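Report on the following structure.
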Amino acid sequence: MEVLTLINKQNLWFLTLFSLILVLSIYYLTMPDEVLKTVKTQDNNTKETVNIEESDALTALRVEADEETLKEMNNLQEVLLNESATVDEKNDAYETLKDLNQTKGKEETIEKSILEKHKLKSFVKIKQDQIQIVISNKEHDEKLANNIIRTVQSNFDTQMYITVKFQS
């Protein structure tokens, strides 16, 4: 009886895998030629020209900053979950994690205030007392940069070192 169930299980696995291979083969054969051509061009490492818009540059900066923040947060969470870490190490990791979240919130608040007051899309990065701002605008206006700096500084009690860069 046990031999019979073993053979049935083997037959079942064989039929399952064979069915999967058959379905994938039919799918591959019925795919449109355009999809296959794009797959082939990606495999051949052909270079394509990509036009980057202003908002794409800001998005790229955000993604890069988010990845960096995520790595740091993951490292801090590993310290928090590590059983061999001391209480002081865990407290420091927790405080740093809390500071990262607060900084991220401040960055988003500043971006919203720049959008509301100046009608400009921006990217903001805060590191300690330094704030880097990238503005998506073709015009490089000193007066506008000074107004943005004043707007941002009004959110802080202490003196911040603020730089404004225009992305054209």
Does the range 77-95 include one or more residues that are closer than 30 Å to residue 133 by Cα, open to solvent by less than 70 Å² (accessible area, probe 1.4 Å) and at pLDDT 60 or above? yes
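Any residue at all in the range 33-50 that is modelled with pLDDT under 55, within 30 Å of residue 103 (Cβ to Cβ), aliphatic (A, V, I, L, M) and not in a helix (DSSP H, G or I)? Lay out the reasoning, then the answer.
Residues of the range 33-50 modelled with pLDDT under 55: 36, 39-50.
Then keep just the ones that are within 30 Å of residue 103 (Cβ to Cβ); that gives none.
No, the range 33-50 contains no residue that is modelled with pLDDT under 55, within 30 Å of residue 103 (Cβ to Cβ), aliphatic (A, V, I, L, M) and not in a helix (DSSP H, G or I).
Test of understanding: among 164, 87, 124, which residue is more than 24 Å from residue 70 (Cβ to Cβ), under 23 Å from the mean Cα position of the chain (by Cα) and free of Cβ contacts under 8 Å to residues at least 40 places away in the same chain? First the steps, then the outcome.
Details: 87 fails: under 23 Å from the mean Cα position of the chain (by Cα); 124 fails: more than 24 Å from residue 70 (Cβ to Cβ).
Within the list 164, 87, 124, the selection yields 164.
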Counted residues in the range 66-91 being part of a helix (DSSP H, G or I), acidic (Asp, Glu) and farther than 22 Å from residue 125 by Cα come to 3
Taking the range 106-120 as the search range and keeping residues that are open to solvent by 30 Å² or more (accessible area, probe 1.4 Å) and not charged (D, E, K, R), which one is farthest from residue 167 (Cα to Cα)? 109
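When the residues of the range 121-168 are narrowed to those that are basic (Lys, Arg) and within 22 Å of residue 60 (Cβ to Cβ), which ends up least open to solvent (accessible area, probe 1.4 Å)?
125
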Which pairs do you get when a residue that is open to solvent by less than 100 Å² (accessible area, probe 1.4 Å), found in the range 3-29, comes within reach of a residue that is at pLDDT below 70, reach meaning Cβ atoms under 6 angstrom, with the pair 6+ apart or on two chains? none
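Look through the range 127-136, keep the residues that are free of Cβ contacts under 8 Å to residues at least 40 places away in the same chain and touching a strand residue (DSSP E or B) at 6+ places or on another chain (Cβ under 8 Å), and return whichever of them is farthest from residue 74 (Cα to Cα). Show your work before the answer.
Narrowing the range 127-136 to residues free of Cβ contacts under 8 Å to residues at least 40 places away in the same chain: 127-133, 135.
Filter once more, keeping what is touching a strand residue (DSSP E or B) at 6+ places or on another chain (Cβ under 8 Å): 129-133, 135.
Working: 129: 24, 130: 24, 131: 24, 132: 24, 133: 26, 135: 29 Å.
Among them, the one singled out is 135.
The values are calculated or read from the model by the stated rules, or taken from the named source; none is laboratory data. Note that the structure is predicted; figures quoted are calculated from it, not measured. A quick note on method: Cβ atoms are made from the backbone with ideal geometry, for glycine too, and the neighbour counts reach across all protein chains shown. When the accessible area is computed, the model is the full protein with side chains, heavy atoms only, and any ligands, DNA or RNA have been set aside. Shrake-Rupley method; radii C 1.70, N 1.55, O 1.52, S 1.80 Å.
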